[in-house]
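One structure is given below, encoded as structure tokens.
The values are calculated or read from the model by the stated rules, or taken from the named source; none is laboratory data. Source: prediction; values computed, not measured. Please note: Cβ atoms are built from the backbone with ideal geometry, for glycine as well, and neighbour counts cover all protein chains shown. We work out accessible area using only protein heavy atoms, side chains counted, and drop any ligands, DNA or RNA first. Shrake-Rupley method; radii C 1.70, N 1.55, O 1.52, S 1.80 Å.
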Amino acid sequence: MENKTIKEMFKGFYQLSEEDFSELWEHGTFVFDTNVLLNLYRYKNETSTAIIEIIENLGDRVWAPHHVLLEFHRNRLEVIADQNRKVNDIKKNIEESIKSIENKSSELQLEKRHNQIDPQAFLGKFRELEKTVLEELEKVSLRKLDNSFDDNILAKITEVFEGKVGQPPESQKWLDAVFKDGDERAENEIPPSFKDIQKAKKSNTKSIPYTHNLLKYQHGYGDLIIWMQIIEHAKKEGKKNIVFITDDKKEDWMQIISSNGSKVIGPRPELVSEICNKANVDKFHIYNTESFLKFAEKYLQTEIKEAAIKDVKNTYYENSLFEKNKYFDLIGESTKVQDSTLVNQLNFPKELFYSLSNRGSDIVEEWLENKYSYIKKGSNGLYDFYGFYPNDSIIPIIIKFSTGLRLRDLPLILERLMLDYENGNKFKKYHIVFVMNYFTNDSIGADTIYSMIKKDIKKYNEKFEDYLFHFDIDITVGFIDKESKKFETMINYEFGI
């Protein structure tokens, strides 16, 4: 038996070198997941075109498992319908908003109460704005819900992947063996697919199969089928370098470590070991679409616009986290808590709900963008932002600007979080950021800030005692530096679980 080096024996635990990546991009086979292809319908036209052009430039080194194309065709129309619904929802919201303004104006009877206000003139301007916006939205092309080649994305995918798609499962026996393997993986949390299989079993969708070409497929096993087809292709064709592009960031694909937030390290070591041992692959790596575009620019000398990369990033989080993640319901419920409970019971000053002032807000937002994988502004005043990490965890963020050394709002904010938790919004972590505007480094000592925070925490410790076993609270205190125009952190304080 050939003696292997430690790196060869434990490949999945070592990062690829720059030389390894160069070889992957020069000789590797690029395998695309279903979500990458479906997201082409969610991007702006310019972004989708740029991604398709890169795939085309890879030529014969592009490949897709049969199950990827099956899932693409099965889900394509639903994605199109969802995008069309969004356009129609925007139109409806605009029309309802203008109608609400008209009704409110009528209720106030402004023409009778104020002789210098002409409500019809104001309303005319709103109607003119409504007309302009709706006309622009009409120009947005709504894709047809059919299978015709009028769909340019369908046409391009058909063209690009012609002759580059794997064979279908050879028999029902092959699929049943995969399902049995998947059950064992789910029971022992062996990647990939164990998360989806566990979810399917819990929701009982596993028992409702779907069919294609006389074969029965069970829900929840799609990732495993794709994985097995990748391994079979690499083994049969003698592929030594495999690059898998997927926008699935679940921990049954990626190794995610918690360290001041969640960090994606790379493919799960188990996956690297499995494909290297079963298919004799030398190098295996996983990119999401955002990383794929960035490295394509580097290795393929392809110019990628920053707007396209931002579009891809935003689309991933908007779709994967807000529309499909369970926490979306929590965010939606927050509006009810603010309106019916927090304001009435705690009688907070209005400024506390709208604490993010215009002054320096862009600078703080930039700092948050660097700290979190993705941030989204709060829309109801309860929280200023929501921060997201790769493991799909969501952290509500409160920003409080202070013109001096004042953390007097901290007790009220702590009460606010407790009440929010009691009302069912059970997030695992909250983040409070105090911004001391335009201080210098020497203006105040971190020890002083630390003592103030500990004093408030101690004061409210008894009230928090029942909650600290359920969620964490991060407190950041900093200032906006005059010279660099950057948010500088003075102290981070974490307490809770």
Inset, instruction - Search region 239-253 for residues being open to solvent by less than 50 Å² (accessible area, probe 1.4 Å) and within 19 Å of Ser273 (Cβ to Cβ), and hand back the single one that is farthest from the chain's Cα centre (by Cα). - result: Asn241
Inset, instruction - Quick one: which residue in Glu488, Glu415, Glu483 is modelled with pLDDT of 75 or more, under 17 Å from Ser361 (Cβ atoms) and either open to solvent by 40 Å² or more (accessible area, probe 1.4 Å) or assigned to a loop (DSSP other than H, G, I, E, B) (or both)? - result: Glu488
Inset, instruction - Give me the pairs, please: first residue somewhere in region 125-140 and farther than 16 Å from Lys86 by Cα and basic (Lys, Arg), second residue anywhere and in a helix (DSSP H, G or I) and at pLDDT 75 or above, beta-carbon distance under 7 Å, and either six or more positions apart or on two chains. - result: Arg127/Ile98
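Results for (1) within 19 Å of Lys164 (Cα to Cα); (2) part of a loop (DSSP other than H, G, I, E, B), shown as yes or no for each residue.
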position	(1), (2)
Ile225	yes, no
Ile230	yes, no
Ala234	yes, no
Gly266	no, no
Phe292	no, no
Glu303	no, yes
Val312	no, no
Inset, instruction - Those residues that are crowded, with 18+ Cβ neighbours inside 10 Å and in contact with a His (Cβ under 6 Å, 6 or more places away or on another chain), I need them from region 166-199; list them, please. - result: Gly166
Inset, instruction - Test Ile208 against the stated conditions and say whether it is touching a Lys or Arg at 6+ places or on another chain (Cβ under 6 Å), surrounded by fewer than 21 Cβ atoms within 10 Å (Cβ to Cβ) and of a type in the set (A, V, I, L, M, F, W, C). - result: no
Inset, instruction - Return yes or no: is Leu134 in contact with a Lys or Arg (Cβ under 7 Å, 6 or more places away or on another chain), assigned to a helix (DSSP H, G or I), surrounded by 10 or more Cβ atoms within 10 Å (Cβ to Cβ) and at pLDDT 75 or above? - result: yes
Legend entry - Residue under evaluation His66, criteria (1) within 30 Å of Arg127 (Cβ to Cβ); (2) open to solvent by less than 50 Å² (accessible area, probe 1.4 Å), criterion not met: (1)
Legend entry - Counted residues, region 165-194 - those being touching a helix residue (DSSP H, G or I) at 6+ places or on another chain (Cβ under 7 Å), of a type outside the set (S, T, N, Q) and assigned to a loop (DSSP other than H, G, I, E, B): 6
Inset, instruction - Can you confirm whether region 117-126 contains a residue that is at pLDDT below 70, open to solvent by less than 80 Å² (accessible area, probe 1.4 Å) and assigned to a helix (DSSP H, G or I)? - result: yes
Inset, instruction - Looking only at region 373-384, decide whether some residue is modelled with pLDDT of 85 or more, closer than 16 Å to Leu417 by Cα and open to solvent by less than 50 Å² (accessible area, probe 1.4 Å). - result: yes
Inset, instruction - Within region 17-60, track down each residue that is without any contact (Cβ under 8 Å) to a residue 60 or more places away in the chain and farther than 15 Å from Ile157 by Cα. - result: Ser17, Glu18, Glu19
Legend entry - Qualifying residue in region 70-90 (condition: part of a loop (DSSP other than H, G, I, E, B), open to solvent by less than 80 Å² (accessible area, probe 1.4 Å), in contact (Cβ under 8 Å) with a residue 24 or more places away in the chain and farther than 30 Å from Asn213 by Cβ): no
Inset, instruction - For region 434-453, indicate whether the set of residues that are more than 26 Å from the chain's Cα centre (by Cα), more than 30 Å from Glu290 (Cα to Cα), open to solvent by less than 10 Å² (accessible area, probe 1.4 Å) and at pLDDT below 70 is non-empty. - result: yes
Legend entry - Meets criteria (open to solvent by 20 Å² or more (accessible area, probe 1.4 Å) and at pLDDT 70 or above) for Lys400: no
Inset, instruction - Scan region 168-212 for residues that are out of contact with any Leu (no Cβ under 7 Å at 6 or more places or on another chain), within 18 Å of Val68 (Cα to Cα) and among the β-branched types (Val, Ile, Thr) and jot them down. - result: Ile197, Thr211
